[in-house]
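Trainee: This is the structure I have questions about; it appears just below.
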Amino acid sequence: MAGTLYVVATPLGNLDDLSPRAAATLSRVAAVAAEDTRHTKPLLAHVGSHAELMSFHAHSNESALRRILHLLGSGKDVALVTDAGTPAVSDPGALLVAAARERDIPVVTVPGPTAVAAALSISGLGADRYLFLGFLPRKGTERRRLLETVADSEWTVVLFEAPLRVTELLEDLTAACGGARRAAGASPSAKNCRPIPKPVPVSCSPKG
């Protein structure tokens, strides 16, 4: 019988935001697949977890995926986490979730913090309907096309960007939107966490 892949949401910066269910899950699984093991190691120590910590990120090779799937196939439970927030949303963990589902391995969510909802909730922008575009390409035609999508959208648009590239993104948004839209940015709190660069959600108001 296959194990279960638990998709576990983790704090956006404050360890007090970790749910009791998430803590219990991380404590009892056989392994934790993490985007950045250096970031996840203190989290596991915080909950007293002795799970095997495995690296799974955007540049992981096929063998890393096979190793996790082998554990699941042998009946071991595995937790998937990202650096902060909910895994598999504009995140390499989506590949692992898809591979598990293709093999009929049970996938269970352990919901909690999500950067998109957190950013929208304090943005002051309309959030009844919104368009999430994740990370834009660094350059090229596809970036320009998506910037035009932002400019033309009738809804609030949410983007992710690395802290060091936020200024460039805002400049490109200004050029694309012509000053016709408002923008709000949000960054995870570093309280109780080792400060490392994290993606910053940027929300743009609806057109009009």
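Trainee: Relative contact order for the range 5-110 using alpha-carbon pairs under 8 Å, separation at least 6, rounded to a whole percent?
Mentor: Relative CO of the range 5-110 lands at 41 percent.
Trainee: Starting with the fewest neighbours, write out D104, D36 ranked by other beta-carbon atoms found within 10 Å of each beta-carbon.
Mentor: So the ranking, lowest neighbour count to highest, is D104, D36.
Trainee: For T109 and R182 in the same chain, what is the full-extension length gain: residue separation times 0.36 nm, less their Cα-Cα distance, in nm?
Mentor: 22.9 nm
Trainee: Which of I68, I105 comes first, and how do the rest follow, when ranked by fewest Cβ neighbours within 10 Å?
Mentor: I105, I68
Trainee: Please report K139, K41 as a ranked list, fewest other C-beta atoms within 10 angstrom at the top and most at the bottom.
Mentor: Ranking K139, K41 by Cβ neighbours within 10 Å, fewest first, gives K139, K41.
Trainee: Enumerate the amide H contacts of V89 below 5 Å, restricted to partners 5 or more residues apart or on another chain; note that Pro and chain-start residues carry no placed amide H.
Mentor: none
Trainee: Using just the helices of the chain, give the 222 nm mean residue ellipticity in deg cm²/dmol: DSSP H runs with n ≥ 4 each add -39,500 (n - 2.57), and the total is spread over all residues, rounded to 500.
Mentor: Using -39500 (n - 2.57) per qualifying helix, the result is -11000 deg cm²/dmol.
Trainee: Could you give the nm distance between label points at L170 and E102, where each point is 7 Å from its Cα heading toward the beta carbon?
Mentor: 4.1 nm
Trainee: Charges at C-beta only: +1 for Lys and Arg, -1 for Asp and Glu. How large is the resulting dipole of the chain about its Cα centre, in Debye rounded to 20?
Mentor: 200 debye
Trainee: Considering only DSSP beta bridges whose two residues both sit in the chain, what percent are antiparallel, to the nearest 5?
Mentor: 30 percent
Trainee: What FRET efficiency comes out for the pair H70/T37, r = Cβ-Cβ distance, R0 = 22 Å, nearest 0.05?
Mentor: Efficiency, from the Cβ-Cβ distance: 0.70.
Trainee: Follow-up. Run the dipole for the range 116-195 about the Cα centre, Lys and Arg Cβ at +1, Asp and Glu Cβ at -1, nothing else charged, and hand back the magnitude in debye, nearest 20.
Mentor: 300 debye
Taken together, the values in this text are just the output of simple stated rules run on the coordinates, not laboratory data. Quick caveat, the model's predicted, so the values are computed rather than measured. Positions of Cβ are backbone-derived with ideal geometry, glycine not excepted, and every protein chain shown enters the neighbour counts.
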